[in-house]
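All remarks here apply to the structure that follows.
Laboratory data are not the source of any read-out in this text; all were calculated from the coordinates shown. Everything numeric here is computed off the predicted structure, so don't read it as measured data. For neighbour counting, all protein chains shown are included, and Cβ atoms are generated from backbone atoms with ideal geometry for every residue, glycine included.
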Amino acid sequence: MDKIIQLEDLKPVKERFCMAGKKAIVTGAAGGIGRSTAAALAELGADVALVDVRTDQAEKYAEFIERKYKVHAAAVACDVTKEEEVNAMVEAVVKTFGTIDIVHSNAGAIGAGYDDGDIDFLSWRRLMAINLDGMFLVNQKVCQYLRQEKKGGAIVNTASISGHVINRTQGRHSVCYPAAKAGVLHLTKGMAADFCQYGIRINSVSPGNMLSGIHAGIPDAAMESMTGDCVMKRLGSMDEIGGVVAFLLSDLATYITGADVLVDGGYCIW
Ligand code: NAD
């Protein structure tokens, strides 16, 4: 049995939170949550690849992050639903940074008003592709790379409160998005169990209603019901998510895998 660590031998918490020298990928980094994580990881010293289909935005944020945090940041174009693009993205990051250590697999989208029980199959497939297939592809390609390199690593997937509960709304209710996000929770556990033997940790975060680009176009009444159903009676901010993802990706979380962290202001208490 390992011996119990004495107080004088405890590793410094600040040191284990440090990301200096680490190479990171954040997908969906042109969006609110992704760019917040990219900034958090950069502040802790990591070089960051900002991956998105919206490359112009990603480039703008990469330039800002480089300037502010004095690390390397690069925008990489990739549609995470396309296997060949995910392969090319992983290769491009390795070429640019030399390796990969940590990944926030975060790209996702909600349906534009048509995600209810009458959703047509094509729309279902499109939403599933973005929210679940893309997560799988990024997880698998990164894990295969880390295994081939015989190095450990850590991944955090963005799930959602919608993976835990069906959001209460007036009228119709989403069907595909929650099904996909529930899938992300179990994808995380399955991949965590399977790739643990290669020193890879995989966890998820489940944001509640965080004020970000994803809410563009949602009617005011729906936004009000989101805050009303939350124990804290407010939306989350982009300041309240990046640090949680960074913690799970850091060496402070070396005994955490297959877990989900709700960042939801208590939404799922009820
Ligand atoms: P956002 O719309 O600001 O960002 C999402 C980003 O993903 C966008 O930049 C978009 O271009 C990118 N993206 C979409 N499809 C892509 C694809 N196929 N390939 C590559 N990039 C793609 O939204 P956000 O709030 O930052 O969302 C980030 C993640 O958080 C998503 O997975 C979302 O489902 C999840 N989430 C958000 C909330 C919230 O309230 N904001 C709550 C729960 C979960």
Open item on the list: Give me a comma-separated list of calculated 3J(HN,Hα) values for the range 186-202, in order, Karplus coefficients 6.51, -1.76, 1.60 applied at θ = phi - 60°, integers in Hz, x for any Gly or Pro.
Closed with: 7, 4, 4, 5, x, 5, 4, 5, 6, 9, 4, 4, 9, x, 10, 9, 9
- [ ] Please get the size of the charge dipole for the range 180-240, origin at its Cα centre, with Cβ charges of +1 on Lys and Arg and -1 on Asp and Glu, quoted in debye to the nearest 20.
- [x] 240 debye
Open item on the list: Connecting C-alpha atoms closer than 10 Å in a GNM of the chain, tell me which of 179, 221, 40 has the biggest fluctuation.
Closed with: 221
TODO: State, to one decimal in nm, how far the label point of residue 166 lies from the label point of residue 147, with both points 7 Å from Cα in the Cβ direction.
DONE: 3.7 nm
Task: Euclidean distance of C-alpha centroids, the range 92-156 and the range 185-246, integer Å - done: 15 Å
- [ ] Quote the relative contact order of the range 70-171 in percent (integer), defining contacts as alpha-carbon pairs under 8 Å separated by 6+ residues.
- [x] 35 percent
Task: For the chain, with +1 on Lys and Arg beta carbons and -1 on Asp and Glu, the positive-most of 218, 128, 73 along the dipole - done: 73
Task: Descending semi-axes in Å of the range 38-117, equivalent ellipsoid built from Cα gyration tensor - done: 25, 16, 11
Task: Helix axis angle, 55-69 relative to the chain longest principal axis, alpha carbon, degrees - done: 40 degrees
- [ ] Report the dimensions of the chain along its three principal axes from the alpha-carbon atoms, largest first, rounded to Å.
- [x] 56, 42, 37
Task: Label-to-label distance, nm, for residues given as residue 64 and residue 140 (7 Å Cα→Cβ offset) - done: 3.4 nm
Open item on the list: Taking the Cα centre as origin and putting +1 on Lys and Arg beta-carbons and -1 on Asp and Glu beta-carbons, what dipole magnitude results for the range 2-70, to the nearest 20 debye?
Closed with: 80 debye
TODO: Note down the relative contact order for the chain as a percent, whole number, built from C-alpha pairs under 8 angstrom at least six residues apart.
DONE: 19 percent
- [ ] Specify which residue in the list 266, 160, 44 is farthest towards the positive end of the charge dipole of the chain, using unit charges on the beta carbon of Lys, Arg (+1) and Asp, Glu (-1), about the Cα centre.
- [x] 44
Task: Value of Rg/Rh across the range 212-266 [Cα atoms, Kirkwood radius] - done: 1.08
Open item on the list: Going by amide H atoms built from the backbone, whose H comes under 5 Å of the H on residue 259, apart from near neighbours?
Closed with: 204
TODO: Just tell me which aspartates and glutamates come within less than 19 Å, Cα to Cα, of residue 189; anything on the same chain fewer than 8 places away is out.
DONE: 133, 260
Open item on the list: Along its three principal axes, how long is the range 1-139 when you only count alpha carbons? Whole Å, largest extent first please.
Closed with: 61, 41, 26
